[in-house]
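Scroll down for the structure; my scribbles are underneath it.
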Amino acid sequence: MHFQISWNVFLRVKNERKAMKVLKQFEISIEQKLLNIQLKPYWKESALIDARFITQYEEEMEIEHAVFDVLQRVHKVSYTWLVSKPRNLSTEETVWAFEGTSNNSRIIGIDWLQFILETKTIKNYGWNH
């Protein structure tokens, strides 16, 4: 199976230039290129920027390997995570999802973050094919 990680990160920075600087540090830490970056002010708290982006795995792997790999990557950006167990989201095809959230980032400027590891599927579940 092929996987991607959807990320949602709240940045405590003053502007988009500084947000991109923090995201570059994030990209270096997780050793994956950030794709489809979207930045907007967080509607609940104007001091935060809501950053959404994805990272992808080029190679095929089993769910166990993908979960282990994502856990190694996310540990590089945060000390503690609240994670859910991997689960199959569809009865029609294999659609795995595994997610976690943290508010204890190792990177200055990151206030809160979430990842969702997802399988690439035949049907469109939010993937940019």
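The values are calculated or read from the model by the stated rules, or taken from the named source; none is laboratory data. This is a predicted model, so every value here is computed, not measured. All Cβ positions, glycine included, derive from the backbone under ideal geometry; neighbour counts span all protein chains shown. Quick note on the areas: whole protein, heavy atoms, side chains included, nothing else; ligands and nucleic acids left out. Shrake-Rupley method; radii C 1.70, N 1.55, O 1.52, S 1.80 Å.
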- request: Can you work out which of the residues in the range 39-56 that are among the hydroxyl-bearing types (Ser, Thr, Tyr) and in contact with a Leu (Cβ under 9 Å, 6 or more places away or on another chain) is surrounded by the fewest Cβ atoms within 10 Å (Cβ to Cβ)?
  value: TYR42
message: One residue is enough: does the range 8-25 have a residue meeting the conditions basic (Lys, Arg), over 21 Å from ARG106 (Cα atoms), open to solvent by 80 Å² or more (accessible area, probe 1.4 Å) and touching a strand residue (DSSP E or B) at 6+ places or on another chain (Cβ under 7 Å)?
response: no
- line: Across the range 4-30, the tally of residues that are polar (S, T, N, Q), over 12 Å from LYS40 (Cα atoms) and at pLDDT 95 or above stands at 2
message: Would you confirm, using the coordinates I've provided, whether GLU99 is modelled with pLDDT of 90 or more, buried (at least 18 other Cβ atoms within 10 Å of the Cβ) and of a type in the set (Asp, Glu)?
response: yes
query: Can LEU113 be described as surrounded by fewer than 13 Cβ atoms within 10 Å (Cβ to Cβ) and aliphatic (A, V, I, L, M)?
result: no
- prompt: For residues in the range 39-58 being at pLDDT below 95 and assigned to a loop (DSSP other than H, G, I, E, B), which is nearest to PHE115 (Cα to Cα)?
  reply: TYR57
message: Six or more apart or on different chains, Cβ atoms under 6 Å: show the pairs whose first residue is in the range 50-72 and farther than 14 Å from ILE5 by Cβ and in contact (Cβ under 8 Å) with a residue 24 or more places away in the chain and whose second is assigned to a loop (DSSP other than H, G, I, E, B) and of a type outside the set (Asp, Glu).
response: ASP50/TYR42; GLU60/HIS2
task: Find all pairs meeting these conditions: Cβ atoms under 7 angstrom apart; at least six residues apart or on different chains; first residue within the range 37-48 and of a type outside the set (D, E, K, R); second residue assigned to a loop (DSSP other than H, G, I, E, B) and modelled with pLDDT of 95 or more.
output: TYR42/LEU48; ALA47/ARG12; LEU48/ARG12
- prompt: Condition test on ASN36, is it surrounded by fewer than 15 Cβ atoms within 10 Å (Cβ to Cβ), touching a Lys or Arg at 6+ places or on another chain (Cβ under 9 Å) and either hydrophobic (A, V, I, L, M, F, W, C) or under 21 Å from GLU118 (Cβ atoms) (or both)?
  reply: yes
